[in-house]
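Read the figures in this text as sums done on the coordinates, not as results from a lab. What you see is a predicted model, and the numbers here were worked out from it, not measured in a lab.
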Amino acid sequence: MAVIEYDAYKQKLHAMDDTIANLYKALEIESSKHEIERLLAEAEEEGFWNDVERSQKNQVQLKQLQSKVQRYDKLVSEREDLLALVDMGTEMDDESLLPELYEGYAELEYTGADPTLGYCHLISAGTNGVKIGEGSKKYKVLKVDTATKTVGFIL
């Protein structure tokens, strides 16, 4: 029976393929990586650190780009880890791994404004639902279905 649950979970994770690909494009991850390389090379130029304004601008931009790329990479890594867990559970037909999957991802109905992909503040909106709430905990939103008013996010 666990195989059916693992398969359903795997389908949900694979349903995110397009979203993750679109996020890669929207965040311009490839060009960000090239810009990081350029900024690092620029910081190695002779006399670079003597120009305080230039070096500060470089470092601020570098940290922002590195943070963006690291967050995206973390999302992809977490998804890959969940897929590996699904594969292990399926292979062993082991129900004991299911709680780890459910702890890693949730898909709930939402009320109010549509959440956005990426990091979003979500709070409880009552029984099995959430809504956007400033000052609340941030979650990584991977899926928003406006037709069914459901949101999928990493816990």
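Under the Kirkwood approximation applied to all pairs of distinct alpha-carbon atoms, what is the hydrodynamic radius of the range 2-154 in Å?
Details: mean 1/r = 0.0559 Å⁻¹.
Hydrodynamic radius (Kirkwood, Cα only) of the range 2-154 equals 17.9 Å.
Where the centre of each part is set by its Cα atoms, how far does the range 61-79 sit from the range 1-51, in angstrom?
Centre-to-centre distance over Cα atoms comes out at 6 Å.
Relative contact order (percent) for the chain, with alpha-carbon contacts under 8 angstrom and 6 or more residues of separation?
Values: 180 pairs, mean separation 33.1, N = 155.
Relative contact order of the chain: 21 percent.
Please list, in chain and number order, the residues 5+ apart from Val130 or on another chain whose amide H is under 5 Å from its amide H, with Hs placed from the backbone.
Answer set, sorted by chain and number: Glu109, Tyr110, Thr111, Ala125.
Express in nm, to one decimal, how much length is gained between Ala106 and Gln11 on full extension, taking 0.36 nm for each residue of separation and deducting their alpha carbon distance.
On the way: separation 95, 0.36 × 95 = 34.20 nm, distance 1.38 nm.
That works out to 32.8 nm of additional length.
Just list whichever of Lys33/Lys138; Lys74/Lys131; Lys12/Lys74; Lys63/Lys149; Lys57/Lys143 have alpha carbons separated by over 28 Å in the model shown.
On the way: Lys33/Lys138 25 Å; Lys74/Lys131 24 Å; Lys12/Lys74 18 Å; Lys63/Lys149 35 Å; Lys57/Lys143 35 Å.
Table pairs above 28 Å Cα-Cα are Lys63/Lys149; Lys57/Lys143.
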